[in-house]
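The values are calculated or read from the model by the stated rules, or taken from the named source; none is laboratory data. All values reported here derive from a predicted model rather than from experimental measurement. Here the Cβ is made from the backbone with ideal geometry for all residues, glycine too, and neighbour counts use every protein chain on show. Each accessible area value is taken on the protein alone, full model and side chains, heavy atoms only, with ligands, DNA and RNA left out. Shrake-Rupley method; radii C 1.70, N 1.55, O 1.52, S 1.80 Å.
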Amino acid sequence: MTEHNGAAPALRVLVVDDERPALADLVWLLSAQPAVGTVDTAVDATEALRLLESAPYDAVFLDIRMPGLTGLELARVLARYAAAPAVVFVSAFESHAVEAFEVAAVDYLLKPVSAERLAVALGRISDAALPPGDPPRAADDLAIIPVEAGGSTKLVERDAVRYAEASGDYVRLHTAAASHLVRIPMSALEEHWGNHGFVRVHRRYLVALRHVSELKAESAGGYAVLVAGVQIPVSRRHSRDLKDRLVRAARRSAAK
């Protein structure tokens, strides 16, 4: 990092995008941010790697769809650096969000990027730059899902989701306030959220155990759960695991 107006160290940033108008827009937005000191640019991965070998950067803002190496491929190269810069993906498409977080991206921005959303990403970059002696940053388990709504990007926190419902190639995330359609495989959510209190109860449903209020036996011999007042079917192959997990959760709660 470099000193910025004599205040706290400011970020040295590299922006990589083969679309020059988008590149110029992001440079303009970054230059206006107090947290940013230096902004360099590259129009492809080859130029980006040359710059990265000549100077250290705190963060790289990467477009995903580029000729030659894609942004995802370049991020995997950067992950092998001894002092890897934080990676923020900037894309017009939300379909690569899961892959982005699987390569430990700090954030995923949808074009056009707003100054407010950019400030959030810069805050995450600063938080990730932990000094020696601090505990290492945990890998991102899709704790925050970016969703496009009404021309703006909203951030849905994992802990706000009550249940997820498969809908074709998409998943609908249900929170107390709304539901959000995202292009993420249900299997990816099950893998990443399984250690955070979510359990698969049906091929179409993943539920947060803390929001399960009742397990009901159906007249046909199956089961259903009530999640925040919504009845969700439980498939036979998931029923035993669900009952075991609910019992264990109840015992842990009683022991407190």
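Which one is nearest to residue 127 (Cα to Cα), of the residues in the range 20-69 that are of a type in the set (Gly, Ala, Ser) and open to solvent by 30 Å² or more (accessible area, probe 1.4 Å)?
Among residues in the range 20-69 that are of a type in the set (Gly, Ala, Ser) and open to solvent by 30 Å² or more (accessible area, probe 1.4 Å), the one nearest to residue 127 (Cα to Cα) is 35.
For residue 104, work out the one condition from (1) open to solvent by 30 Å² or more (accessible area, probe 1.4 Å); (2) more than 14 Å from the chain's Cα centre (by Cα) it doesn't fulfil.
Exception for residue 104: condition (2).
Got a sec? Which of 238, 202 is touching a Ser or Thr at 6+ places or on another chain (Cβ under 9 Å) and at negative phi?
Exactly one residue qualifies, and that residue is 202.
Condition check ((1) at pLDDT 90 or above; (2) of a type outside the set (A, V, I, L, M, F, W, C); (3) surrounded by fewer than 17 Cβ atoms within 10 Å (Cβ to Cβ); (4) closer than 22 Å to residue 44 by Cβ) across all residues:
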residue: 73; (1), (2), (3), (4): no, yes, yes, yes
residue: 76; (1), (2), (3), (4): no, yes, yes, yes
residue: 80; (1), (2), (3), (4): no, yes, yes, yes
residue: 84; (1), (2), (3), (4): no, no, yes, yes
residue: 88; (1), (2), (3), (4): yes, no, no, yes
residue: 95; (1), (2), (3), (4): no, yes, yes, yes
residue: 100; (1), (2), (3), (4): no, no, no, yes
residue: 112; (1), (2), (3), (4): no, yes, yes, yes
residue: 120; (1), (2), (3), (4): no, no, yes, no
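Only residues that are part of a helix (DSSP H, G or I) and under 25 Å from the mean Cα position of the chain (by Cα): list them for the range 29-48, please.
29, 30, 31, 45, 48
List pairs: first in the range 218-236 and among the acidic types (Asp, Glu), second at pLDDT 90 or above, Cβ under 8 Å, 6+ apart or cross-chain?
As it stands, the answer is 218/224, since those pairs meet every condition given.
Consider residue 74 carefully, then state whether it is assigned to a helix (DSSP H, G or I) and more than 18 Å from the chain's Cα centre (by Cα).
For residue 74, the condition - assigned to a helix (DSSP H, G or I) and more than 18 Å from the chain's Cα centre (by Cα) - is met.
I need a count of the residues in the range 157-170 that are open to solvent by less than 50 Å² (accessible area, probe 1.4 Å) and over 18 Å from residue 209 (Cα atoms).
The qualifying residues number 0.
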